Amino acid sequence: PGFGVKCYLQNGRVVFGGNYKTSSATSAFNSVTSINSVADGKWHHVAAVVSYIYINSLQGDQNYYGYNLYIDGVSQGVANNASTMFVISLLDNATNFMIGVDNSLTGMKYEDTIDDIRYYQRSLPAGEIQTLYLDGIPEGPVYVNKTATGNNDGTSWANAYTNLQSALSNYVEKKTIWVAAGTYTPHASNRKGTFYLPNKCKMYGGFNGSETDLAQRNPKANITVLSGDLLGNDNSNVLVTEATRQDNAYHVVSLKGSIQNVVMDGFTISGGNAGGDNAIT
């Protein structure tokens, strides 16, 4: 209804799009929807970009508004309202910028928390959106504890990831990874599994699962092991041919590509068995 741009939640996903006014009619509302739900209790960075594009071609002039949605710095896709008719406006009379309530639609209210809003009168490129996302990420550690029983999302010791791979897969700069005492393997059964450390990753072991400050950890008391012994059956024989080591990961920890500024502190690395010419996954 009406002309203009809307960005709203629908079933936990972000929807972004708009209607524009042409010389003879209103285009149908067209939109792009986020790939995944953002109703997961986590902080998310949402960037909605409107761009006007005019194309002069032999097939006739074409002009439209494009709608590009980014969640946490990643494009969710592009929608547009293409028209061979002359585009007059994206707005109709009023140019209100409303947050939280859409007066034209019953029940369209957002009553949760928004911590920061920035409005630009230009289309932001993908690189700048990625920078804004990284700048906006809240400070604080990501928690890993194999015995945690909470939400398994890394947001606290109670809700810590129980798998270190989950923390590494979701790692973003500005965060640190805190790992509680225990033994962590890169895969349940695949010998080519490995702990890939992402660029600028800072990962600390030696926690008991209650600390609130990095200085409180005690790596000597809280032994944190990254182990390639996938079956947990190694004996004291460290030969490559040892039968109990034939399940072991070829590479326990790996760095790939132009990795720099990596910190890994407070861990014991053991149980690798890099016998033979085997690539890692």
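Does residue 251 satisfy the condition of being surrounded by fewer than 19 Cβ atoms within 10 Å (Cβ to Cβ), under 28 Å from the mean Cα position of the chain (by Cα) and within 25 Å of residue 143 (Cα to Cα)?
No, not satisfied.
What tally of residues in segment 205-216 results from selecting those that are in a loop (DSSP other than H, G, I, E, B) and either over 13 Å from residue 144 (Cβ atoms) or open to solvent by 80 Å² or more (accessible area, probe 1.4 Å) (or both)? Break it down into steps so the answer makes sense when it comes.
Quick first cut of segment 205-216, residues in a loop (DSSP other than H, G, I, E, B) only: 208-213.
Okay, now just the ones that are also either over 13 Å from residue 144 (Cβ atoms) or open to solvent by 80 Å² or more (accessible area, probe 1.4 Å) (or both), so 208, 210, 212-213.
The number of residues fulfilling the criteria is 4.
In segment 128-138, is there at least one residue being in a loop (DSSP other than H, G, I, E, B) and either over 27 Å from residue 10 (Cβ atoms) or in contact with a Ser or Thr (Cβ under 8 Å, 6 or more places away or on another chain) (or both)? Please lay out each step first, then the result.
Going through segment 128-138, the residues in a loop (DSSP other than H, G, I, E, B) turn out to be 137-138.
When the remaining residues are screened for being either over 27 Å from residue 10 (Cβ atoms) or in contact with a Ser or Thr (Cβ under 8 Å, 6 or more places away or on another chain) (or both), the result is none.
No; the residues of segment 128-138 include none that is in a loop (DSSP other than H, G, I, E, B) and either over 27 Å from residue 10 (Cβ atoms) or in contact with a Ser or Thr (Cβ under 8 Å, 6 or more places away or on another chain) (or both).
Which members of segment 130-145 meet the condition of being polar (S, T, N, Q) and open to solvent by 30 Å² or more (accessible area, probe 1.4 Å)?
Once the filter is applied, which keeps residues that are polar (S, T, N, Q) and open to solvent by 30 Å² or more (accessible area, probe 1.4 Å), segment 130-145 yields 130, 131.
Identify, please: which residue in segment 258-273 is part of a loop (DSSP other than H, G, I, E, B) and open to solvent by 70 Å² or more (accessible area, probe 1.4 Å) and is, among those, modelled with the highest pLDDT?
261
Taking the criterion of being open to solvent by 60 Å² or more (accessible area, probe 1.4 Å), part of a loop (DSSP other than H, G, I, E, B) and under 26 Å from residue 273 (Cβ atoms), would at least one residue in segment 177-187 satisfy it? Spell out the reasoning first.
So the first thing to find is which residues in segment 177-187 are open to solvent by 60 Å² or more (accessible area, probe 1.4 Å), and the list is 183, 187.
Add one more test, that the residue is part of a loop (DSSP other than H, G, I, E, B), and what stays is 187.
Still in the running and under 26 Å from residue 273 (Cβ atoms): 187.
So far as segment 177-187 goes, yes, one or more of its residues are open to solvent by 60 Å² or more (accessible area, probe 1.4 Å), part of a loop (DSSP other than H, G, I, E, B) and under 26 Å from residue 273 (Cβ atoms).
Tell me, yes or no, whether segment 94-113 has at least one residue that is under 24 Å from residue 173 (Cα atoms), more than 15 Å from the chain's Cα centre (by Cα) and either modelled with pLDDT of 85 or more or surrounded by fewer than 12 Cβ atoms within 10 Å (Cβ to Cβ) (or both).
Checked against the condition, which is being under 24 Å from residue 173 (Cα atoms), more than 15 Å from the chain's Cα centre (by Cα) and either modelled with pLDDT of 85 or more or surrounded by fewer than 12 Cβ atoms within 10 Å (Cβ to Cβ) (or both), segment 94-113 yields at least one hit.
From the set of residues in segment 188-204 that are in a strand (DSSP E or B) and under 11 Å from residue 264 (Cα atoms), which is most open to solvent (accessible area, probe 1.4 Å)? Give the derivation first.
Of segment 188-204, the ones in a strand (DSSP E or B) are 195-196, 202-204.
So of that shortlist, the ones also under 11 Å from residue 264 (Cα atoms) come out as 202-204.
Values: 202: 72, 203: 2, 204: 35 Å².
This residue is 202.
In segment 220-246, which residue that is under 30 Å from residue 150 (Cβ atoms) and out of contact with any Ser or Thr (no Cβ under 9 Å at 6 or more places or on another chain) is most open to solvent (accessible area, probe 1.4 Å)?
Checking each candidate, the answer is 220.
So which residues in segment 217-257 are among the small types (Gly, Ala, Ser) and part of a helix (DSSP H, G or I)?
Taking segment 217-257 as the starting set, the residues that turn out to be among the small types (Gly, Ala, Ser) are 221, 227-228, 232, 236, 243, 249, 254, 257.
The answer is 243, and nothing else.
Looking at segment 215-255, which of its residues are modelled with pLDDT under 95 and more than 19 Å from residue 184 (Cβ to Cβ)?
Passing the criteria: 235, 236, 237, 238, 239, 240, 241, 242, 243, 244, 246.
All but one of (1) among the hydrophobic types (A, V, I, L, M, F, W, C); (2) at pLDDT below 75; (3) in contact with a Gly (Cβ under 8 Å, 6 or more places away or on another chain) hold for residue 32; state the number of the condition that does not hold.
Of everything listed in (1) among the hydrophobic types (A, V, I, L, M, F, W, C); (2) at pLDDT below 75; (3) in contact with a Gly (Cβ under 8 Å, 6 or more places away or on another chain), residue 32 misses just condition (2).
Please go through segment 147-162 and give me each residue that is touching a residue at least 12 places away in the same chain (Cβ under 8 Å) and surrounded by fewer than 16 Cβ atoms within 10 Å (Cβ to Cβ), ordered by number.
Selection gives 147, 151, 152, 156.
Name the residue that is nearest to residue 142 (Cα to Cα), counting only residues in segment 200-235 that are among the charged types (D, E, K, R) and touching a Gly at 6+ places or on another chain (Cβ under 7 Å).
So, considering only residues that are among the charged types (D, E, K, R) and touching a Gly at 6+ places or on another chain (Cβ under 7 Å), the one nearest to residue 142 (Cα to Cα) is 217.
Conditions tested, residue by residue: (1) modelled with pLDDT of 75 or more; (2) crowded, with 17+ Cβ neighbours inside 10 Å; (3) more than 14 Å from the chain's Cα centre (by Cα); (4) of a type in the set (Lys, Arg).
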position	(1), (2), (3), (4)
37	yes, no, no, no
42	yes, no, no, yes
55	no, no, yes, no
65	yes, yes, yes, no
74	yes, no, no, no
85	no, no, yes, no
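From 175, 220, 192, 256, grab the single residue that is over 30 Å from residue 44 (Cα atoms), basic (Lys, Arg) and touching a strand residue (DSSP E or B) at 6+ places or on another chain (Cβ under 9 Å).
220
The values are calculated or read from the model by the stated rules, or taken from the named source; none is laboratory data. Note that the coordinates shown come from a computational prediction; the quantities given were computed from them, not determined experimentally. Here the Cβ is made from the backbone with ideal geometry for all residues, glycine too, and neighbour counts use every protein chain on show. Quick note on the areas: whole protein, heavy atoms, side chains included, nothing else; ligands and nucleic acids left out. Shrake-Rupley method; radii C 1.70, N 1.55, O 1.52, S 1.80 Å.
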